[in-house]
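The values are calculated or read from the model by the stated rules, or taken from the named source; none is laboratory data. Please read all numbers here as calculations on a predicted model, not as lab measurements. Note: ideal-geometry Cβ built from the backbone for every residue, glycine included; neighbour counts use all protein chains shown. Side chains included, ligands, DNA and RNA excluded: accessible areas come from the protein's heavy atoms. Shrake-Rupley method; radii C 1.70, N 1.55, O 1.52, S 1.80 Å.
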Amino acid sequence: MAHTSARTDSSGRFTFPQQWPKGRAHGLIVVARGYQDLAIVNALRMGASAGEQAQLRAIALSPG
């Protein structure tokens, strides 16, 4: 199990400090001031031949 964290820039983009293991799905926990925390199971599925970059769709958060 890998654990890491990242902060977004003003556009919501982020980069993890190290490459995530390929060939599996990864969950995310989103924490933002003023919003409810959100856990997303299997948020990012990375195939064994996945590239070095991935894009996520926008994540809707509920006000806290």
Could you pull out the residue among Arg13, Arg45, Arg33 that is loosely packed, with under 11 Cβ neighbours inside 10 Å, at pLDDT below 90 and not β-branched (Val, Ile, Thr)?
Arg13
Which residue pairs have Cβ atoms under 8 Å apart, sit 6 or more places apart or on different chains, and have a first residue in segment 42-58 that is within 17 Å of Gly27 (Cβ to Cβ) and a second that is open to solvent by 90 Å² or more (accessible area, probe 1.4 Å) and modelled with pLDDT of 85 or more?
Arg45/Arg24; Met46/Arg24
Conditions: (1) more than 10 Å from the chain's Cα centre (by Cα); (2) in a loop (DSSP other than H, G, I, E, B); (3) of a type outside the set (Gly, Ala, Ser). Arg45 meets all but one. Number of the miss?
(2)
Quick one: is Gly27 under 13 Å from Leu56 (Cα atoms), out of contact with any strand residue (DSSP E or B) (no Cβ under 9 Å at 6 or more places or on another chain) and not aromatic (Phe, Trp, Tyr)?
no
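Here is a check on your reading of the model: is Gln18 farther than 18 Å from His3 by Cβ, without any contact (Cβ under 8 Å) to a residue 24 or more places away in the chain and not β-branched (Val, Ile, Thr)?
It is false that Gln18 is farther than 18 Å from His3 by Cβ, without any contact (Cβ under 8 Å) to a residue 24 or more places away in the chain and not β-branched (Val, Ile, Thr).
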